[in-house]
Amino acid sequence: MEFTVSKAELVRELSLSQGVVEKKTTIPILSNVLMEANGDRITLTATDLELGIRCSCPARVKKEGAGTVPARKLLDYVRLLPEGDIQMKFLENHWASITSGRSRTRIAGMSRESYPELPPTPPVVAQVPVKTLASMIARTGFAISMEESRFTLSGALLLLRPEGLTMVATDGHRLAYVQAPPAESGTVDQPFRALIPKKAMGELTKLADDAGEGAVALFSGDDNHLFFQVGHRLLLTRKLAGNFPDYERVLPKDHTHVATLDKAEIRSAIERVAQFADERSRAIRVQFVSGEVRIFSSSVEMGESEESVPAEYTGPDLEIGFNAQYLLDFLRVISQDRVAFQLKDQKSAGELRPAGDSVTDEYRYVVMPMRI
Amino acid sequence: MGRIRILPDQVANKIAAGEVVERPASVVKELLENSLDAGSTDLRIEVESGGRRLIRIVDDGCGMLRDDALLAFERHATSKLRDVKDLLSIATLGFRGEALPSIASVSRLLLETRSEEETTGTSIEIAGGKMLRCEEAALGRGTAITVRDLFYNVPARKKFLRTEQTELAHIASLVTHYSLAHPAKTFQLTSGPSELLRVTPVGSREERVYQVFGSQVLEDLVEIGERQRDLRMPAPGVPPSEAISEYLREPEEPEARTFRLNGFFSRPQVQKGNRNSIYIFVNGRLIRDRLLLHALSSAYHNLIPPSAFPFALLFLECDAEEVDVNVHPSKTEVRFRHGSFVHDFVRDTIRERLMESRPAPTFPVSPRSPQHAPEAGQAAAQLPYSEFSQMVADQAPPETLPVGLSEHGGEFNVPSEAALPEFTLRAVPGPDLRLDFSAPPIEVTPGPQPSGKLMRHADPHGSFPPDALPPPDLSLSVLSALRPLGQIHESFIVAAGRDGLWIVDQHVAHERILFELVLKQRARGSVEMQRLLLPLVLQLTAEQQIDYARIADELHASGFETEPFGQRTIAIKAAPAALPASDIERILFEILETAEGETRGVSLDDLRRNVCASIACHAAIKINTKLDPGKMEWLLRALAQTDCPMSCPHGRPIAMHYSTREILKAFHRI
């Protein structure tokens, strides 16, 4: 295999593979990137067997073929080369020689035969704007639990339905639910339900950042994998196995009382008061009284703090304990200026939603209270 | 003629002998107790063939008058008791009047005794319970009893005797422990030509422990000092023995009964595989008592693993009326009138002292100790894979293993101890790290050269002042002054202190901090609870269901809001706030597991500690977690403030100390 490729293009595509390449690998070949030259393009593939990415860029191919080289080393080296063309040639012993200007390097590679084969892409079932996907991921990802158990999954539920896309994530204490409006949901040919692992969501966000305005992800899935094709890049991930908790049971049907607040005010108030909350539980007490919301914290060791924020609230006086971190996670991610705090009583779930005119989709965040 | 008849004394004595004289050691025990009761200060014990052929005890006690000497071999003849009321307050070791006739009925016995009041002594010879001879003899004051051919007329019992070595070991351990209980007396034990024990009178128990066990053991022990607690409650209590309950005087209870506890117990790092190293004396009597054993283990609860046992020598003194020794003819069991008070007193005293002493484990490092190489290899094998652990594993030279085994074979045969680091608390003055520049140059004091190869002239690398050093404060309170240097394997904090290097296991350290925090919150009743989005439904086994029902209240108080949810199913609605939701299922089953089985009878307090330990363990930072310096510092400071920073609630050590002295030694600077 022999080809010439522009340094900038190679660096850009290689960078995308870095998040996928296994760092603490037990299988040496997985720290390599597979390079294939075909027609007028080269294709780069990286995988850790959970997640795979395949990118391509134009190249002048002199001789078709394939080979693998250490992904990290290749990127570190190529990045330092001056702008311009890079010539790569794979030798008989699987080594690759890289020539650029006056630099000549030979890098130890491994046989292409031992590189795992990515599963074939099934027919496309939906076309989804990547910006929509990225925004949904940003607004649910923080609620994913770190560890998996029967009760929680380290990933989010993605629902593709003709009426729109839905993403739900939970860690057992809170749940984030986003439903994109049909106008932003692209076209869904066939309803689909899938659990996306947390790591794949991160890579998907990276792809979305790198994709141009209006880019669309072609979504498909087979029994075990999910595929997102964005332009000439393909991200595929193993599906999460397990049952996602019955989120519809969790979403409150009715709320007796609503407090509407200024997001910036309540956010900074909580940030300040939470300094005096217990370091582990981050417990604060939130008191809803007519016309304002008060926040309290106290810890035996450090002291106590309280603050009040004006609010549109007409319900009865209520005091509920919450984890400050959970509230802040939501307040930090929404773009709207107003936030609605819906509640029922001390023992029932509280719900936060962005409020105001600029709300176009349905974003609901359910937080369970604490007993303090 | 009826079929029932009264057994002749001969037979009755043999039956009693079955209970009292089980093995040669029981003979020694009975005779030794008689000598002690007689006020002897010099006790010599000779045995041959593990006591089968000969047991001879010579004392300088009060001796016996001739008539008494004859009477002593009658059944139930004793000088220690007069009427049944005396049974309520037995101050002597013996009282049953059974030992001598029992022993005499199964052996050839020679008694030689002279009391102060008589000018001549008495010599009596008995074989198989029959008196052969009784004559006047010229003897010194005191009593000498020679027991030959034990069980010569009871072949069945003789068959059950173990090897000479085993029987001798029992005798030796018995004499050793009586010698510990009576530091002011001389004890001498010889087996044939060899002397097994010889201790001269000393002023304190500590000195006696040193005489018997040596300095190494003494360093691992904590002395209780004299602790006492008064029992004030005029509690009715259980009558000491039902047979004499009718004679109990009506509650004309004295205002206060004082219990005193003295003795030694090991630091938590010393862990024994069985209870054989626990010796409990109640009013000078060596006993095996479940109540006191339990008190001891609960004092160590959360400090050493449940399967390990400490070394302990406990001397409990109390009013003779508070304890009933008339439980079994062998007198190794007692009953306390106020059992729970005694239990709590012993447990609290030991626990308090354990907390106060806060000893720090040290590394068993010495420049030439090949046995650590295989340990390093083992440790590396258990560590998460990393370049370093790989390196450690690679470097552990395999050929050192046989060397270590051959040189330290004995140590390796005892896994419970070999696996554990060795702990010392030698009060060695460690050099101060702060060098005084203005001080005149200090000559290195010429010490014994460890080997000819090491040339130690004036050290060109600068020397440490060898004296004028503060005695090292080896208690873990110094933890707060430590400066964290970094982490090993993102699991262990390495920290420098004034007195050397410390390595702290971050998980168990945090676990200890949280454990005490959770306990405190629990005590205050201010447990923070996080409600769950969806109740977590758990399926229990029938056994777990029963355990759950028993501990449901305690679970609730600890922050688990649970409720029965149909047949053998419970729903968890809320859990302690510090726990991640994904762990709740595991932790609840873990708690149920600790609540079941042998601990079923465990006190509520222990259960609570178990629950808190489980919560703390799951909420604590894990190993393989990167910590920034601020966090490490916080962890060390918080650890220093805990009541017991030396081991985690499950008994694992938290911090290891490598003293400056040991570092200097390892680099051949001292």
What are the residues in the stretch B:197-224 that are over 26 Å from B:Leu168 (Cα atoms) and touching a residue at least 40 places away in the same chain (Cβ under 8 Å), if any?
-> B:Glu219, B:Asp220, B:Leu221, B:Val222, B:Glu223, B:Ile224
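Could you identify the single residue in A:Lys263, A:Lys253 that is more than 14 Å from every other protein chain (Cβ to nearest Cβ), without any contact (Cβ under 8 Å) to a residue 12 or more places away in the chain, out of contact with any Cys (no Cβ under 6 Å at 6 or more places or on another chain) and within 30 Å of A:Ile196 (Cβ to Cβ)?
A:Lys253
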Mind listing just one residue for me: the one in the stretch B:459-501 that is outside any strand (DSSP E or B) and among the hydroxyl-bearing types (Ser, Thr, Tyr) and, of those, modelled with the highest pLDDT?
-> B:Ser491
Out of the residues in the stretch A:234-250 that are open to solvent by 20 Å² or more (accessible area, probe 1.4 Å) and outside any loop (DSSP other than H, G, I, E, B), state the one that is farthest from the other protein chains (Cβ to nearest Cβ).
-> A:Arg238
Matching entry among B:Leu519, B:Leu538, B:Leu514 (being under 18 Å from A:Ser281 (Cα atoms) and either open to solvent by less than 10 Å² (accessible area, probe 1.4 Å) or among the aromatic types (Phe, Trp, Tyr) (or both)) = B:Leu514
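Which residue is nearest to A:Leu157 (Cα to Cα), if the candidates are limited to the stretch A:185-225 and must be outside any loop (DSSP other than H, G, I, E, B) and open to solvent by 80 Å² or more (accessible area, probe 1.4 Å)?
Across the stretch A:185-225, the extreme among qualifying residues is A:Arg193.
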Residue in the stretch A:266-306 that is farthest from the other protein chains (Cβ to nearest Cβ), counting only those that are in contact with an Asp or Glu (Cβ under 8 Å, 6 or more places away or on another chain), open to solvent by less than 50 Å² (accessible area, probe 1.4 Å) and polar (S, T, N, Q) | A:Gln287
Do we have any residue at all in the stretch B:647-659 that's part of a helix (DSSP H, G or I) and in the same structural domain as B:Ser526 (by TED's automatic domain parsing)?
-> no
When (1) open to solvent by less than 50 Å² (accessible area, probe 1.4 Å); (2) within 11 Å of another protein chain (Cβ to nearest Cβ); (3) of a type in the set (A, V, I, L, M) are applied to A:Val309, the one that fails is (2)
Identify all residues within the stretch B:487-508 that are surrounded by fewer than 19 Cβ atoms within 10 Å (Cβ to Cβ), out of contact with any strand residue (DSSP E or B) (no Cβ under 6 Å at 6 or more places or on another chain) and either without any contact (Cβ under 8 Å) to a residue 24 or more places away in the chain or within 14 Å of chain A (Cβ to nearest Cβ) (or both); write none if there are none.
-> B:His489, B:Glu490
Sort through A:Arg54, A:Arg79, A:Arg72 and tell me the only one that's outside any loop (DSSP other than H, G, I, E, B), basic (Lys, Arg) and touching a Ser or Thr at 6+ places or on another chain (Cβ under 6 Å).
-> A:Arg54
Any chance A:Val33 is surrounded by 21 or more Cβ atoms within 10 Å (Cβ to Cβ), on the phi < 0 side of the Ramachandran plot and not in a strand (DSSP E or B) = no
Which of (1) surrounded by fewer than 21 Cβ atoms within 10 Å (Cβ to Cβ); (2) closer than 20 Å to B:Arg288 by Cβ; (3) of a type in the set (Lys, Arg) does B:Arg351 not meet, given it meets every other one?
-> (2)
Residues that are within 24 Å of A:Ile137 (Cβ to Cβ) and touching a residue at least 40 places away in the same chain (Cβ under 8 Å): which strands (runs of 3 or more DSSP E) entirely in the stretch A:279-367 hold 1 or more of them?
-> A:318-323, A:338-343, A:350-355, A:362-367
If we scan the stretch B:115-134, do we find a residue that is under 35 Å from the mean Cα position of the chain (by Cα) and more than 22 Å from B:Asp60 (Cβ to Cβ)?
-> no
Is it the case that some residue within the stretch B:58-77 is among the β-branched types (Val, Ile, Thr), open to solvent by 40 Å² or more (accessible area, probe 1.4 Å), assigned by TED's automatic domain parsing to the domain that holds B:Ala38 and assigned to a strand (DSSP E or B)?
-> yes
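Residues to consider are A:Ser135, A:Ser149, A:Ser154, A:Ser145; find the one that is in contact with a helix residue (DSSP H, G or I) (Cβ under 9 Å, 6 or more places away or on another chain), over 19 Å from A:Ser220 (Cβ atoms), small (Gly, Ala, Ser) and more than 14 Å from chain B (Cβ to nearest Cβ).
Working: A:Ser149 fails: more than 14 Å from chain B (Cβ to nearest Cβ); A:Ser154 fails: more than 14 Å from chain B (Cβ to nearest Cβ); A:Ser145 fails: more than 14 Å from chain B (Cβ to nearest Cβ).
Criteria check complete, one pass: A:Ser135.
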Selected residue (criterion: most open to solvent (accessible area, probe 1.4 Å)) from residues of the stretch B:34-53 that are more than 18 Å from B:Arg198 (Cα to Cα) and out of contact with any helix residue (DSSP H, G or I) (no Cβ under 8 Å at 6 or more places or on another chain) = B:Arg53
Would you point out the residue of the stretch B:584-598, among those that are touching a helix residue (DSSP H, G or I) at 6+ places or on another chain (Cβ under 7 Å) and open to solvent by less than 40 Å² (accessible area, probe 1.4 Å), that is modelled with the lowest pLDDT?
-> B:Ala595
Listing of strands (runs of 3 or more DSSP E) fully contained in the stretch B:262-339 that carry 2 or more residues being open to solvent by less than 10 Å² (accessible area, probe 1.4 Å) and among the hydrophobic types (A, V, I, L, M, F, W, C) = B:278-282, B:312-318
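The values are calculated or read from the model by the stated rules, or taken from the named source; none is laboratory data. Just so we're clear, the structure is a prediction, and the values are computed from it rather than from any experiment. Quick reminder, even Gly has a Cβ in these numbers, built from the backbone with ideal geometry, and neighbours come from all protein chains shown. Accessible surface areas use protein heavy atoms only, side chains included; no ligands, DNA or RNA. Shrake-Rupley method; radii C 1.70, N 1.55, O 1.52, S 1.80 Å.
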